[in-house]
Structures are given as C-alpha cells and as structure tokens.
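Below: the structure, in structure tokens.
What follows is calculated from the coordinates using simple rules that are stated; it is not laboratory data. No experiment lies behind these values; they were computed from the predicted model shown. A quick note on method: Cβ atoms are made from the backbone with ideal geometry, for glycine too, and the neighbour counts reach across all protein chains shown.
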Amino acid sequence: MWGKRKNCLILISLLIIIIIGNSSARGQSGVGGTKSLFSAVGARAMALGNAYVALAADASAVFWNPAGLDYLEKKSATFFYSNLIAGSNYNFVGLVYPTTTIGGFGFGWIRIGTNDVIPSDENAVQGQPGDFSQNQWLFSYGKQLRDNLGIGFSLKLENQNQAFQNVSDTGVGADVAVLYRPDFDNALLRDLSFGLNIQNIISPKARLVEASQSAPLNLKVGLAKQLYFGEEQSSVTLLLDVNKSENAPSTVHFGAEYSFHGQANLRFGFNDGQMAFGAGAAYSNFHFDYTFGKLFDAPEFSGNHRFSVTIDIGKGKTELIRLARQRQEQETRMRVENQLWFEAETDFNSAMEDAREKYYKGDYLGAYVDFSRAEDAAKAMVDVATRLRTEGLDDPEANMRLETASSSLQEAQTFVELANTKSDSVRREEIKELATVATRSQLGRELRDFVLDRREKGNEFFKRQLYSRAIAEWQAALDRINRTAPESRPAWTEDVVKQLENNIATAEKELEGNVKEVIRRADALARRGQYVQALQELNDLRGSVLSQSERQTLENKIRLLQAQLSFSQNFEAGLAAYQRKNWKQAKEAFGRALKIRPRDKKTKEYFEKAEARALATEQAMPRELRTKFLQGIAFYRQKKYEEALKIFEECRKEQPYNKTILEIIDRTEEKLKAK
C-alpha cells in the first residue's frame with residue numbers, strides 16, 4: 001500500500017515540477033515555462049527519436065505538423081497508448097479528414113495523468129481521492145498552396161486538472177506550421193522534405209492556485225530524406241529535427257526507418273541522446289506501430305512500451321478523384337442517352353398517332369408503314385433503356401424506362417401485325433373479286449394478272465418503306481392500264497387506277513419526308529457508333545426517286561459515314577494491335593486512321609506511341625535527363641503514378657525512342673488502370 005502511494009507521490013511531484021517548475025519566473029515576468037508534458041505523440045514518431053516534423057504521415061500530424069494534413073492520402077484514425085509509473089498513462093487519439101479540394105482537417109486529444117490519487121499531509125492524514133491530469137484538444141487544418149508547399153495551423157484547448165487539490169483551469173493556444181517538399185533534380189537533394197512547426201505561438205494559459213501558467217513557445221524544425229532502391233517500394237528514410245523551447249536549451253533528434261514494400265518497418269532514433277527503437281507493420285487498412293524508450297529523462301521514469309494503431313478509412317484522394325472523373329464521364333454519357341431516349345420516344349408517339357389515324361380511316365397499308373416506324377423507334381428506346389440501366393445499375397428510373405420501352409415495342413408489334421392482317425385481308429378480297437370478273441379476251445386476263453402482280457409487289461415494297469421501288473411497281477401497273485385502249489379496258493380498271501394513283505401519291509409524300517427521316521436515323525445510329533447499320537439505312541434510300549439536292553445530301557452523308565466507318569475500323573484494329581504490343585501493325589492501322597482524320601488528337605497520340613515503341617532502342621540518358629527520370633522513379637515507388645507518368649512523359653519528349661523510358665511509361669499506365 002505504501003509502495004503504491006509512494007509511486008503516486010513521485011509521479012505527482014515529477015509532473016508538477018515539469019508543469020510549474022519555474023512558476024515564480026512565469027508569475028513575475030509572464031515568460032513561458034521551460035517544459036511541456038506534451039513533447040511527442042505516436043509510437044512511430046517516438047521510435048524515430050521524436051524526429052517527425054518533416055514527415056507527419058499519419059493522424060499525429062495534428063501535433064507534429066498540421067501542414068501535412070493535405071498531403072495525407074486517406075481519412076484515418078490513430079490511437080496511441082503508453083503506460084507510465086504508478087498506474088498513470090499517456091494517451092493520444094487523432095482523426096484526419098483530407099479532402100480533394102479544400103485541404104485537410106484534423107482533430108487530436110492528448111492526455112497524461114493518473115486516477116484515484118490519495119493525498120496526505122505532513123502527519124500522514126489522508127484526504128479525499130482525486131485525479132491528476134493534463135489534456136490537450138487540437139483542431140487542425142492544412143492546405144497545399146502548391147504541389148510542394150503546404151501550410152497549416154492548430155487551435156488547441158489545454159486543461160490542467162488537479163482534482164486532489166480541487167484545482168482546474170483551461171487555456172486557449174495555437175500552432176502554425178509549414179511543410180515544403182522541393183522538386184530538386186539533383187540525386188542528393190531529391191525526395192527532401194522540410195518541416196517547421198511553431199507551437200504555442202498563442203500560448204494556452206491556466207491559473208492553478210495562485211500561479212498563472214503558460215505553455216512555452218516551442219520551435220520545431222525538421223528535415224527528412226527518402227532513399228529508394230529496387231523497382232518496388234522499399235526505402236530508407238532519414239530524419240533530423242531540432243527543437244528549441246523558450247528558456248530551454250535546444251535539443252537534437254534523429255531517426256531512421258527502413259520500409260519493406262510499405263508493409264513492414266524497422267526504426268531507431270536518438271531523442272536528444274536517448275536511444276529509441278521500434279517496428280511497424282501494415283495489413284489492409286490497419287497500421288500497427290511499437291516503440292520502446294523513455295518518455296521523460298527523469299531517473300524515476302524507466303523505458304516503457306508504447307503502441308499505436310492507425311486505421312485508414314474509405315478510399316484515398318487519388319481514387320476519389322478518379323471516381324469523380326468517372327462520374328463526370330458517366331454523366332456525359334447519360335446526357336447523350338437521355339437525348340437519344342427523348343428523340344426515340346418522340347418518334348414513337350408521333351408514328352403511333354399517324355398510324356392510328358390511318359388505321360381507323362381504313363388505310364391499312366399506310367398504317368402498317370407507320371406502325372413499323374413506331375416499332376423501330378420502340379426498339380431504339382429499348383436499346384437506350386438497356387444502356388441506361390447498365391449505367392445506372394438498379395436505378396428505379398432506368399428500370400421503369402426499360403419497362404416502358406418494352407411495353408411500347410410490344411404495342412407497336414401488335415399493331416404492325418394487326419395492320420398487316422387487315423391489309424392482306426382487304427387485298428385478298430380485291431384479288432378474289434377481280435378473279436371472278438368475267439373477261440372477254442385473253443388480253444383482259446393478261447392485263448388483270450399483270451396489274452395484280454405489280455400492285456402486290458408495290459405493296460410489299462411500301463411495307464418495307466422502300467417507297468421509290470413501290471412507286472415504280474405501281475407506276476408500271478398504271479402505265480399498262482393506260483396503254484390499253486379505253487374501249488378494251490375492263491370495268492374494274494377504273495377503281496384500280498384510282499387506287500394506284502392514290503398509292504403513288506401517298507408513297508411520294510412518305511418519300512419526301514423519308515429522306516430527312518432516314519438521314520436523322522442514320523445520324524442517331526452513327527452517334528452510337530453503329531456505322532454499318534447507318535450506311536445500310538442510307539443505301540436503301542439510294543434507289544428512291546429523289547430531287548437533285550436530296551440526292552446530293554444523301555451522297556455526301558454516305559461518303560461521310562463511310563469515312564467514319566473506315567476510321568473506326570482502323571482505330572479499333574490499331575488499338576487491338578497496341579494492346580497485343582504489335583507496334584508495327586498498330587502504327588500502320590493508326591496511320592490509316594490519321595489519313596481520314598489527320599487532326600484527331602487521340603489517334604495521333606496512339607500513332608506516336610506505337611511508332612516510338614516500334615523504333616525503340618536501348619539508349620544512354622544524359623545526366624540531366626537521368627536525374628529527371630529517377631525523380632519519376634521515386635514517385636513510382638511511392639505509388640504516386642500520376643506524378644510519375646507526368647515526369648516520364650517529359651523524359652520521353654527528350655528521348656522519344658528510349659526503350660527504358662517507354663517501358664516504364666507502359667507499366668505506370670497499367671498501374672493507373674489497375675487502380
């Protein structure tokens with residue numbers, strides 16, 4: 001019992017000395033103290049001898065350097081624990097939330113203290129038990145002003161609580177920080193990082209008993225250098241910090257960390273002469289860190305074990321940016337598909353309205369054509385709705401559109417069949433009636449058979465919307481009747497002539513509007529990349545009777561679509577060969593595509609890539625180029641593939657046929673696609 005109480009008294013005495021060691025000086029002059037209990041947080045930083053200002057690579061950045069918050073890739077939480085003497089402990093909890101646009105935010109809570117302290121006076125009379133603790137809450141923000149320069153600050157609340165003396169107070173303070181990662185080309189200076197953290201630039205003040213205490217102004221300056229080796233992510237990081245606290249001598253901190261593929265780490269450091277060491281491991285979104293060393297240099301504090309766990313939360317910024325781009329591209333595709341849906345739905349409703357009007361007037365042949373047009377529009381609706389559902393997954397609106405399109409298609413198909421049945425029935429009755437009409441001569445029978453045959457063929461062409469061919473058949477029948485002497489014409493020819501003339505007029509009217517309609521449908525097909533179907537639509541129109549301007553428009557459109565088809569086929573062939581790394585074949589295919597569209601940037605880019613790889617050889621790099629290339633390799637090893645690719649592309653411009661450069665570009669692009 002006495003041993004535990006003795007340890008508690010030792011702890012309290014030591015912590016009070018640290019907190020209010022120069023209280024008289026602070027009370028008289030207002031100058032900050034010489035020590036702070038919160039000298040370090042996080043097992044990783046402690047294993048590196050408290051040299052962490054220029055690294056700040058986890059949620060402990062809220063303490064070490066808030067300027068590093070915007071450099072963090074993922075949201076994360078860090079939990080730190082260290083046991084001290086007499087049942088006391090030292091804890092830290094940190095949360096960080098980096099964003100893709102407005103910087104990084106962080107929160108931290110640090111606590112050191114012990115519970116159930118039983119005070120006693122000089123006569124060993126015990127008082128009521130109470131707590132002794134000091135807490136600090138940090139609210140931090142960091143922002144990259146440029147890719148290599150970030151600033152940050154922390155607003156903090158600091159509370160001192162001596163419950164066994166019934167004393168507690170809270171002060172408000174602030175830190176400001178800078179993190180600079182210059183883009184040096186020199187191999188010795190590359191991958192350097194400089195950090196600066198001015199802690200307590202606004203000093204938190206608290207009044208305990210009669211003394212007003214303030215945390216001392218503290219300046220942390222740090223340097224980090226990363227050395228990479230091998231093609232993957234193995235590295236050694238060297239760190240050096242200098243810490244200068246107000247009214248206290250400067251301290252020097254050094255650390256080194258070996259990282260194997262970013263999964264396992266070994267660390268050691270010197271914390272102002274005191275040795276520390278530790279290790280770390282990463283699995284999935286979890287990072288485990290351990291260190292052993294002394295938190296305070298007082299002899300009563302022996303070395304102890306410290307642990308940290310960091311949990312990454314959600315996707316990284318790079319992944320979020322990629323997903324945002326994907327969403328933007330998807331939205332663009334959705335807008336196009338919505339426009340196509342609107343056009344197809346409008347065509348369907350218009351065609352169905354026209355078809356019903358003709359059907360109820362008894363014009364079954366005309367109704368059949370319009371119902372067929374509505375069927376084509378409904379099929380286009382189904383195609384669009386299917387693609388929309390693929391884009392929107394199980395989106396209710398997309399599913400509803402597919403149901404609407406399927407229902408419309410079924411309705412159109414039903415009416416097509418009904419109109420066709422009605423048209424065939426009427427035609428059979430007419431044929432039956434004409435067949436029973438008595439003919440006075442062989443000439444009359446031949447005329448009847450010829451007219452019926454040509455009219456039947458014309459009807460079939462009309463149903464298939466081949467209006468010019470339908471007109472030709474009906475006109476042939478009409479001409480045969482007109483060539484027959486009036487006195488030799490059978491009586492039935494009078495009604496047939498009227499019918500044929502009416503059919504021809506209807507077909508000519510349909511044909512006039514059909515040119516624009518066919519071109520519009522062909523354009524819609526072309527926008528979806530269905531060039532073969534678009535050309536088939538236009539070629540079917542070639543046999544129609546067209547005006548000179550209509551035929552010129554049609555022929556221009558056919559030539560344009562043939563060029564687009566040829567371009568598409570060559571581009572796809574080049575892309576397939578490129579993926580097989582058949583550079584020569586890819587170059588030839590892209591070259592043919594460029595002859596059709598010489599200004600197409602994407603094709604030109606692929607052509608240049610294929611040509612470079614077809615002609616690539618091993619080449620020595622000049623010193624400056626190799627320095628830049630190694631800078632890209634450093635980014636590649638850090639999995640910063642976008643930054644690496646940018647540098648490799650700059651290198652390629654200087655040596656476009658360097659096989660080494662081209663191969664690393666291909667590997668980097670594959671890494672980006674895999675992400």
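Put in line by how crowded their Cβ is, counting other Cβ atoms within 10 Å and starting with the fewest, TYR531, TYR467 read TYR531, TYR467.
Expressed in nm to one decimal, what extension gain is obtained for the pair PHE229 and GLU663 from 0.36 nm per residue of sequence separation less their Cα-Cα distance?
Working: separation 434, 0.36 × 434 = 156.24 nm, distance 1.84 nm.
Contour length minus the Cα-Cα distance gives 154.4 nm.
Here the label points at VAL172 and GLU329, each 7 Å from Cα along the C-beta direction, are separated by 4.9 nm in the simple model. Extension gain for PHE184 to THR414 (0.36 nm times residue separation, less C-alpha to C-alpha distance): 75.4 nm. Under the criterion of Cα pairs below 8 Å and six or more residues apart, the relative contact order for region 594-675 equals 30 percent.
Which shape class applies to region 616-675: rounded if a/c is under 1.5, otherwise prolate when a/b exceeds b/c and oblate if not, where a ≥ b ≥ c are the square roots of the Cα gyration tensor eigenvalues? Working shown, then result.
On the way: a/c = 2.35, a/b = 1.48, b/c = 1.59.
Here region 616-675 falls in the oblate category.
Label-to-label distance, ASP147 versus MET275, with points set 7 angstrom from Cα along the beta-carbon direction: 4.2 nm. Footprinting exposure proxy ranking of THR660, THR78, THR114, fewest other C-beta atoms within 10 angstrom first, gives THR660, THR114, THR78. Within a straight-line Cα-Cα reach of under 29 Å, LYS156 can be paired with the following lysines, leaving aside sequence neighbours fewer than 8 residues apart in one chain: LYS35, LYS74, LYS75, LYS143, LYS205, LYS220, LYS244, LYS294, LYS315, LYS317. A straight Cα-to-Cα reach below 18 Å connects LYS557 with the lysines LYS516, residues fewer than 8 places away in its own chain not being considered.
Look at MET352, MET275 and count the other Cβ atoms within 10 Å of each Cβ; fewest to most, that gives MET275, MET352. The label-point distance for SER488 and LYS315, in a model that sets each label 7 Å from Cα toward Cβ, rounds to 8.3 nm.
On full extension of the chain, what length is gained from ASP523 through ASN338, given 0.36 nm per residue of separation minus the C-alpha to C-alpha distance? Could the numbers behind the result be given before it?
Values: separation 185, 0.36 × 185 = 66.60 nm, distance 1.59 nm.
Stretched fully, the ASP523-ASN338 segment lengthens by 65.0 nm.
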